[in-house]
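Notes to accompany the following structure.
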Amino acid sequence: MSHDHDHHHDHSELSETELRVRALETILTEKGYVEPAALDAIIQAYETRIGPHNGARVVAKAWTDPAFKKALLEDGSKAIGTLGHVSRVGDHLVVVENTKERHNMVVCTLCSCYPWEMLGLPPVWYKAAPYRSRAVKDPRGVLADFDVALPKDTEIRVWDSTAETRFLVLPMRPEGTEGWSEEQLAELVTRDSMIGTGFPRKPGEPA
Amino acid sequence: MNGVHDMGGMDGFGKVEPEANEPMFHADWEARVLAMVRAMGAAGAFNIDTSRFYRETLPPHVYLSSSYYKKWFLGLEEMLIEKGYLTREEVAAGRAIQPAKALKHGKFDLANVERVMVRGKFDRPAPQPAKFEIGERVRAKNIHPATHTRLPRYVRGHVGVVELNHGCHVFPDTAAMELGEHPQWLYTVVFEGSELWGPDGDPTTKVSIDAFEPYLDPA
């Protein structure tokens, strides 16, 4: 594929990038490195199989099954591996529990490390400079950007994902959910509550 | 390297702005870039640490002004050129000109897709016993390698406590430079906010990093 840069710059930076990306894929395909259908399949798998619904199921299970919760906090990857209905998870997943005394929050200051299999691909804000720079220095200020306020004496623990370990926050179970099923509870678990920048929804709170 | 990617503790980037109902990709090309990075990595063209290093070595103004997947694209293209999988001439022409370089794991085709859907394993057998115990006080070394490292600047020189031992893992500092895996013990080390940010720091804050043993001294 060719693209002529002599014509006037009437296309946006985005379409410039789009042309370059297409050119790269063409070269990789022509050289026999990748099969475009395999790239399509990767994208489709990300779009359909991973996402916060996986993490929500794990959290809901931990809220209702004390033995599972104990195993999850001891070895996240191993415990999740015992759940047939959740997509497979890689190694080195550490699950950290929020309590009244301690609130956990996860960041990757150096790049964008995030538990993809549990939460899907990270949102733009997680990968962007404002969050990465401030989460470790001013976590309460960052939480305020999410309209989250914690009691003054609650300890905030920030986990900077600097290696291949990945962190998932186990949020506190909302009050008023006694007797709820795992499926009902999973509906309350938000992505941000598993990053530590939000809380699960309360019963009756709109999605 | 002391690059702009090492952002922990920097000021001036403004508020965090979550996007309501954010789509997984903001343009089709972003998805193609993600897929190409995953595919070429799985085919053996580079490891995850090398790919991070190529994004970190983008010029600072480019790093700071490019969207996330634009950084991925720029890093991927440069890395594939430098590793000999394509040439600048081919990039300029937008088509293959030179013969292909053999990939360690062969062409990435449909049969390989499942492999990229689960993260790789990074733990390795321990070449020697761990130096530090849980609960031990350690000081993050004051080191400034010009190449890839996962020791962020904001903890260097500061004292923390070993909280978890994750076993021995591939050492990114050497793996990124293709100098071998050199597995090292990996610990979660937790620092008091006031230790990192001084007396004005929030006293209720603690920050941990996952630190490889060569990053740490006894304290």
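The values are calculated or read from the model by the stated rules, or taken from the named source; none is laboratory data. All of these numbers come straight from a predicted model, not from anything done at the bench. Methodologically, a virtual Cβ is constructed for each residue, glycine included, from the backbone with ideal geometry; neighbour enumeration extends over all protein chains shown.
With the stretch A:22-99 as the region, which helices (runs of 4 or more DSSP H) entirely inside it contain at least 3 residues that are crowded, with 19+ Cβ neighbours inside 10 Å and either at the interface with another protein chain (Cβ under 7 Å from one of its Cβ atoms) or of a type outside the set (Asp, Glu) (or both)?
A:36-49, A:52-64, A:76-81
If you go through the stretch B:188-210, how many residues are more than 7 Å from chain A (Cβ to nearest Cβ), small (Gly, Ala, Ser) and buried (at least 22 other Cβ atoms within 10 Å of the Cβ)?
1
Would you call residue B:166 under 22 Å from residue B:1 (Cβ atoms) and either modelled with pLDDT of 95 or more or among the hydroxyl-bearing types (Ser, Thr, Tyr) (or both)?
no
Suppose we keep only residues that are crowded, with 24+ Cβ neighbours inside 10 Å and facing chain B (nearest Cβ under 7 Å) within the stretch A:118-133. Which one would you say is farthest from the chain's Cα centre (by Cα)?
Ranking the qualifying residues of the stretch A:118-133, first place goes to A:133.
Just to be sure I understand, how many residues within the stretch B:102-132 are among the charged types (D, E, K, R), at pLDDT below 95 and not in a strand (DSSP E or B)?
4
Can you pull out every residue in the stretch B:153-175 that is surrounded by 23 or more Cβ atoms within 10 Å (Cβ to Cβ) and part of a loop (DSSP other than H, G, I, E, B)?
Of everything in the stretch B:153-175, those that are surrounded by 23 or more Cβ atoms within 10 Å (Cβ to Cβ) and part of a loop (DSSP other than H, G, I, E, B) turn out to be B:170, B:171.
Going by what's in this entry, would residue B:163 be described as among the charged types (D, E, K, R) and more than 23 Å from residue A:106 (Cβ to Cβ)?
Spelling it out, it is not the case that residue B:163 is among the charged types (D, E, K, R) and more than 23 Å from residue A:106 (Cβ to Cβ).
With the structure loaded, tell me whether residue A:138 is without any contact (Cβ under 8 Å) to a residue 40 or more places away in the chain and surrounded by fewer than 18 Cβ atoms within 10 Å (Cβ to Cβ) or whether it fails that test.
Considered against the rule, which asks whether it is without any contact (Cβ under 8 Å) to a residue 40 or more places away in the chain and surrounded by fewer than 18 Cβ atoms within 10 Å (Cβ to Cβ), residue A:138 comes out as no.
Inspect the stretch A:107-114 for any residue being surrounded by 22 or more Cβ atoms within 10 Å (Cβ to Cβ), more than 7 Å from every other protein chain (Cβ to nearest Cβ) and of a type in the set (Val, Ile, Thr) and give the result as yes or no.
yes
Does the stretch B:151-158 contain any residue that is out of contact with any Phe, Trp or Tyr (no Cβ under 7 Å at 6 or more places or on another chain) and either under 30 Å from residue A:17 (Cβ atoms) or of a type in the set (Phe, Trp, Tyr) (or both)?
yes
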